[in-house]
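I have placed the structure first, in the form of structure tokens, so that the comments after it can refer back to it.
Only the coordinates and a few stated rules stand behind these numbers; no lab work does. Since the structure is predicted, the reported quantities are computational estimates derived from the model, not experimental observations. Note that each Cβ is placed from the backbone with ideal geometry, even for glycine, and that neighbours are counted across all protein chains shown.
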Amino acid sequence: MQPIFDFFFGQYYNYPTFYIILEVIAVIFGFLSVWYSKQENILVYPTGIISTLIFVYLLWQWGLLGDMMINAYYFSMSIYGWYIWTRKVDAVHFTPVTVMTKKEHLKAVFLFIGTMVFVYAVYNYFDKWNNWTAYVDTITTAVFFVGMWLMALKKIENWIYWIIGDLISVPLYFYKGLTLTSFQYLLFTVIAVYGYLAWKKSLNKQLQTA
């Protein structure tokens, strides 16, 4: 058992206990946030804010700028999404689940490209092109930026972006030595699949009653 434990968690031997505790808390609240998102529960945002704030601090300490920017963006979009999800579209109904329009697809493309350019510039400025993971970070950051934006708008396609980003992040974070975070993204992938199915059911119900 010890070799297996060392393989998955050996990197934590050199981490301060304070960092490990913070990562555990961030992972728990991150899991809760995704779970609440699946349920279309507004608690997705307060739990997400706690998780992202902790990760911003930890990722800054570890020098993972791309990941830090993702979480900083999550934080700002959580505030925006909190507002959108609680906004009533009429006297009794809140913002419903919808599909993307052609205009929103175009905006998503521009956001994806713009994010990649921005992250590339930041990595250049801080001279962080010292590992192949930096190039993957550029892609995952763009994927998650679009996914978070779509989730705030309650577009069902957000789950597709989460699934893609989560699948890439599982081995990526494990390679970076963040095993707990890697496991978190594995759980995120599973929840994202169920989230898509749940939102699809909600969308179909809305169409049937319309």
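Restricting to the range 130-154, what's the tally of residues that are of a type in the set (Val, Ile, Thr) and closer than 23 Å to residue 84 by Cα?
3
Per-residue answers, yes or no, for (1) charged (D, E, K, R); (2) under 30 Å from residue 99 (Cβ atoms); (3) touching a His at 6+ places or on another chain (Cβ under 7 Å); (4) surrounded by 18 or more Cβ atoms within 10 Å (Cβ to Cβ):
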residue	(1), (2), (3), (4)
123	no, no, no, yes
136	no, yes, no, no
141	no, yes, no, yes
154	yes, yes, no, yes
163	no, yes, no, yes
191	no, yes, no, yes
196	no, yes, no, yes
207	no, yes, no, no
Only one of 63, 81 is assigned to a loop (DSSP other than H, G, I, E, B) and not polar (S, T, N, Q); which?
-> 63
